[in-house]
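Below is the structure I would like to discuss, written out as structure tokens.
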Amino acid sequence: MLLLRSPAVRVGLSVAVATGLYGLSFGALSVAAGLDVAQTMALSLLLFSGGSQFAFIGVIAGGGSGISAMSAAALLGIRNGVYGMQVNVLLRPSRWWKLIVAHLTIDESVATATGQSDPDEQRRGFWAAGLGVFALWNLFTLGGALAGNAIGDPARWGLDGAAVAAFLGLLWPRVQAKEPAGIAVACAVVTLITVPFVPSGIPILIAALVAAVLGLSGVGPSGEGLEPDVEPYSPGAGGGAP
């Protein structure tokens with residue numbers, strides 16, 4: 001009960017609930033894309049990166065090749081490596097704990113941790129969000145995979161927006177500059193333009209290339225637009241999931 005008095009723990013658990021419910025959507029869509037329950041659970045348990053998981057099954061469902069699906073998933077997963085460097089500084093885990101910390105390093109756990117100023121609250125926020133999302137994401141993924149078509153269109157239940165809304169709630173107060181929003185809009189436009197003309201999975205790769213080019217050209221320098229007492233934090237696509 002004492003932990004529930006922690007602001008970081010409360011934020012982490014609330015984000016975990018919103019993101020975990022989105023697992024219903026992933027489980028149902030994964031089975032609809034042709035994966036069985038075991039394969040679906042393997043993605044959630046082992047990959048555990050919502051954006052990468054949705055990218056993978058999205059390419060498969062669209063008729064894309066396995067290489068395109070893996071490339072899209074891997075590209076979105078690169079951001080977790082960047083997060084890892086920041087989390088290593090925040091938590092300083094011992095040698096064996098690094099494996100667990102690395103697996104729980106996702107958008108939600110990093111956003112919750114970096115949103116706190118007190119070191120103890122940073123640690124509590126990371127573990128509350130990381131463990132909470134992992135448990136609920138996998139639980140609801142299983143439920144969605146078993147229910148399959150009985151759920152119907154996940155968007156009808158608002159599950160497609162719950163995790164996104166929770167993540168934006170964490171991010172929005174910290175972003176003040178126009179450049180990051182401009183890059184996101186540019187990538188979205190490029191994606192919409194290329195979808196009708198290239199194979200599934202390729203638009204997201206093109207959008208990532210556009211973002212990289214804009215970043216290297218000096219648009220939106222690191223840290224600009226963020227609160228001065230918070231280290232720069234760059235979220236990835238999807239949420240989430242994981």
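Taking other Cβ within 10 Å of each residue's Cβ, how do VAL110, VAL189, VAL210 sort, fewest first?
VAL189, VAL210, VAL110
Mind ordering 124-134, 75-85 by average Cβ neighbours within 10 Å, highest first?
124-134, 75-85
I've got another one for you. As a footprinting exposure proxy, order THR194, THR114, THR141 by other Cβ within 10 Å, with the fewest listed first.
Fewest to most other Cβ atoms nearby, the residues stand as THR194, THR114, THR141.
If packing is taken as the mean number of other Cβ atoms within 10 Å per residue, what is the order of 94-106, 51-63, 27-39, highest first?
51-63, 27-39, 94-106
Starting from 0.36 nm per residue, how many nanometres of slack lie between ARG95 and ALA184 once their C-alpha separation is accounted for?
28.4 nm
Residue by residue, what Karplus-based ³J(HN,Hα) values in Hz, rounded to whole numbers, does the range 93-100 have, using 6.51, -1.76 and 1.60 with θ = phi - 60° and x for Gly and Pro?
x, 6, 3, 7, 5, 4, 5, 6
Which value in nm describes the separation of the simple spin-label points at GLN39 and VAL195, placed 7 Å from the Cα toward the beta carbon?
Modelled inter-label distance: 2.4 nm.
Every number here is computed from the coordinates shown, using simple stated rules; none is lab data. Bear in mind that the values here come from a model prediction, so they are computed numbers and not experimental data. All Cβ positions, even for glycine, are placed from backbone atoms using ideal geometry, and neighbour counts span all protein chains on display.
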